[in-house]
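Peer 1: Provided herewith is a single structure, encoded as structure tokens, for subsequent inquiry.
The values are calculated or read from the model by the stated rules, or taken from the named source; none is laboratory data. Note that this is a predicted model, so its numbers are computed, not measured. Reconstructed Cβ throughout: ideal geometry from the backbone, glycine too, with neighbour counts over all protein chains shown.
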Amino acid sequence: MLRPLAKAAVYHASRQTGALRPRPLNLTFSVTYRCNSKCKTCNVWKKRVDDFTLDEYKRLFDNIGHTLYWATFSGGEPFIRPDLIDIVCECYDRCRPGIITIPTNGMLRSRILDGVARLSRHAKNAKIIINFSLDGIGERHDEIRGVPGNYARMREVFRELKAAQHPNVTVGVHTVVSQLNVHDVPTVRRHVRKEFGPDSFITELAEERLELDTIGLDITPSPHDYGVVVDDLVNDIDRSPASGIAGLTQAFRREYYQLAHRTLREQRQVLPCYAGLASAQIAPNGDVWTCCTRAESMGNLREAGFDFMKVWTSGRAGELRASIRRGDCFCPLANAAYSSMLCDPPSLARVGWRWLTRALRPAPRLAPKPLGEVVS
Amino acid sequence: MSAPTERPRNLDRLPLRIEGPHARILGAAAGEVTVLPRGAGACPALRGELARSAPEHLSLVLRVHAPNGVPLAAIAADVAAGARTFETEAVRMLAMEGYSHLAETERRAVEDRVWSRRAYATVGV
């Protein structure tokens, strides 16, 4: 936690002045668009590009070096790549991220169970977060995700991974809140707590994004309906306060949910966005994006000889940062929002104050096991 | 900056938002661009008028956004010193590189769906 906080001041100064170009502390590597789900809230599985090879990732990780704190490996379904764990291990060896997150639909049983076991042994000093997607209960989940039997299969793989009790692995559940399930989310949350018992439960708003080709799909819930969900999530956090670092994480998450709701309601950049500075995404073909919402390329790493800083400091990158700084766009993208909160002094003050006041309060005697112990 | 909360009725004329120092350079904080349809299968172009003549040669980057702020298309435009109007080439729809395997008609259908979400434009200098 101290590492990103120490860099936050540099990002803040960079955003204010435009003079500095620090490397990002939070990178998402989308390793493929291929996916064995056919979600109603996502068209990414229809896309095809020439995915980076393992050797290309090695060259990139060597170039990035030890500056990364949080690495996410997304897709598509990341486990659809047989070499996913090889890629993640190479990233760990060459970049030493403190947090590694992998979202999954939970359907590729042996790749997930064997792969996470191997990763846990290899990346001993990293906190590894495996987030299983769950958008409904039973057949409703299968209907939204477009795969019959997905729920049952995912639940079984989740149970097995949780039972493995890898010491540095957090097994979580991730729900995308869309028009298709917005009224069910409180029920889903209670179901997850009772039936899954995850180490964390997180949600994200279904947005119309370029990366996922969801523009025009009308999947985003109304501000009113999403507000009901946020109230439920915030009340759940307040009812089950965690202590220590888990409590700090909860405080960040609580701040994020309210930020997401305000962004949806007010249709503006409520929190200064640090995408393209503190965080970025690398598409499967090596395009570097400020974020997956915009999916506008700063440049391509293959064309730049895998020289990350050549792309990161390009004129195109500067133009995109200026557009974000002007507030041309606004979104509640979780991954970027958590980095932005770290770099925003008022957000940090609110989170810190909430955490401290919680920490000083006597613990409830029969507190239920809290959901939401890690930021993801 | 606050963006439109509802979609404009006339999608052939989009509000143009001009922020910060660009407003000083271009002489206005807001304007309008007109969508110029091209032939079948081609993306449209944009035409705009500045509040005053360009004090020097300007290289603009125009983006067309969805109501939720996501940029959908972008295009560069040059304005000669002393000129007030500009017209772009066909806009470039963003993030279409994953659809090169599609037939032209399928690809066009995706572009049309994305373009149907246009709500406002922004400009960088």
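Peer 1: Could you tell me whether any residue of the range A:71-79 is aromatic (Phe, Trp, Tyr), farther than 19 Å from A:Tyr33 by Cα and outside any loop (DSSP other than H, G, I, E, B)? If you could, list the steps in order and put the result at the bottom.
Peer 2: Step one: of the range A:71-79, the residues aromatic (Phe, Trp, Tyr) are A:73, A:79.
Adding the requirement that they be farther than 19 Å from A:Tyr33 by Cα leaves none.
No, every residue in the range A:71-79 fails to be aromatic (Phe, Trp, Tyr), farther than 19 Å from A:Tyr33 by Cα and outside any loop (DSSP other than H, G, I, E, B).
Listed here are the residues, each with its yes/no results for (1) modelled with pLDDT under 95; (2) of a type in the set (Gly, Ala, Ser).
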{"residue": "A:Leu212", "(1), (2)": "yes, no"}
{"residue": "A:Ile219", "(1), (2)": "no, no"}
{"residue": "A:His224", "(1), (2)": "no, no"}
{"residue": "A:Asp231", "(1), (2)": "no, no"}
{"residue": "A:Asp236", "(1), (2)": "yes, no"}
{"residue": "A:Gly244", "(1), (2)": "yes, yes"}
{"residue": "A:Arg253", "(1), (2)": "yes, no"}
{"residue": "A:Ala260", "(1), (2)": "no, yes"}
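Peer 1: What about A:Ser323, is it under 24 Å from the mean Cα position of the chain (by Cα), within 13 Å of chain B (Cβ to nearest Cβ) and under 16 Å from B:His22 (Cα atoms)?
Peer 2: Working: under 24 Å from the mean Cα position of the chain (by Cα): yes; within 13 Å of chain B (Cβ to nearest Cβ): yes; under 16 Å from B:His22 (Cα atoms): yes.
In short, yes.
Peer 1: Can you confirm whether A:Ala278 is crowded, with 22+ Cβ neighbours inside 10 Å and among the small types (Gly, Ala, Ser)?
Peer 2: The answer is yes for A:Ala278.
Peer 1: Of the residues that make up the range A:332-340, is at least one touching a residue at least 12 places away in the same chain (Cβ under 8 Å), touching a helix residue (DSSP H, G or I) at 6+ places or on another chain (Cβ under 6 Å) and within 12 Å of another protein chain (Cβ to nearest Cβ)?
Peer 2: Yes, that holds for at least one residue.
Peer 1: Turning to a different aspect of this structure: Among what's in the range A:8-22 and is crowded, with 17+ Cβ neighbours inside 10 Å and in contact with a Lys or Arg (Cβ under 9 Å, 6 or more places away or on another chain), pick the residue that is nearest to the other protein chains (Cβ to nearest Cβ).
Peer 2: Looking at residues that are crowded, with 17+ Cβ neighbours inside 10 Å and in contact with a Lys or Arg (Cβ under 9 Å, 6 or more places away or on another chain), I get A:Arg15.
Peer 1: If you take the residues of the range B:115-125 that are outside any loop (DSSP other than H, G, I, E, B) and farther than 14 Å from B:Pro67 by Cα, which of them is nearest to the other protein chains (Cβ to nearest Cβ)?
Peer 2: My answer is B:Gly124.
Peer 1: Please give the number of the condition A:Lys194 fails out of (1) basic (Lys, Arg); (2) part of a loop (DSSP other than H, G, I, E, B); (3) closer than 22 Å to A:Ile137 by Cα.
Peer 2: (2)
Peer 1: Quick one: in the range A:216-226, of everything that is under 20 Å from the mean Cα position of the chain (by Cα) and part of a loop (DSSP other than H, G, I, E, B), which residue is nearest to the other protein chains (Cβ to nearest Cβ)?
Peer 2: Here the answer is A:Thr220.
Peer 1: Name the single residue, out of those in the range B:87-114 being more than 7 Å from chain A (Cβ to nearest Cβ) and among the basic types (Lys, Arg), that is farthest from A:Asn285 (Cα to Cα).
Peer 2: This residue is B:Arg108.
Peer 1: Quick check on my filter: what residues within the range A:82-109 are touching a residue at least 60 places away in the same chain (Cβ under 8 Å), over 24 Å from A:Thr175 (Cβ atoms) and surrounded by fewer than 22 Cβ atoms within 10 Å (Cβ to Cβ)?
Peer 2: A:Gly98
Peer 1: If I filter the range A:260-275 down to residues being closer than 21 Å to A:Lys7 by Cβ and within 13 Å of chain B (Cβ to nearest Cβ), which single residue comes out as surrounded by the fewest Cβ atoms within 10 Å (Cβ to Cβ)? Quick ask: steps written out before the conclusion?
Peer 2: Looking only at the range A:260-275, we keep the residues that are closer than 21 Å to A:Lys7 by Cβ, and these are A:271-275.
This time we only want the ones that are within 13 Å of chain B (Cβ to nearest Cβ), so: A:272-273, A:275.
Values: A:Pro272: 16, A:Cys273: 29, A:Ala275: 27.
Taking the candidates together, the pick is A:Pro272.
Yes/no per residue for (1) in contact (Cβ under 8 Å) with a residue 60 or more places away in the chain; (2) surrounded by fewer than 19 Cβ atoms within 10 Å (Cβ to Cβ):
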| residue | (1), (2) |
| --- | --- |
| A:Arg111 | no, no |
| A:Gly115 | no, no |
| A:Leu119 | no, no |
| A:Ile129 | yes, no |
| A:Ala152 | no, yes |
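Rundown of residues vs (1) within 20 Å of the chain's Cα centre (by Cα); (2) modelled with pLDDT of 90 or more; (3) within 24 Å of A:Ile85 (Cβ to Cβ), yes/no style:
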position	(1), (2), (3)
A:Met1	yes, no, no
A:Gly18	no, no, no
A:Arg21	no, no, no
A:Phe29	yes, yes, yes
A:Tyr33	yes, yes, yes
A:Cys42	yes, yes, yes
A:Trp45	yes, yes, yes
A:Asp51	no, yes, yes
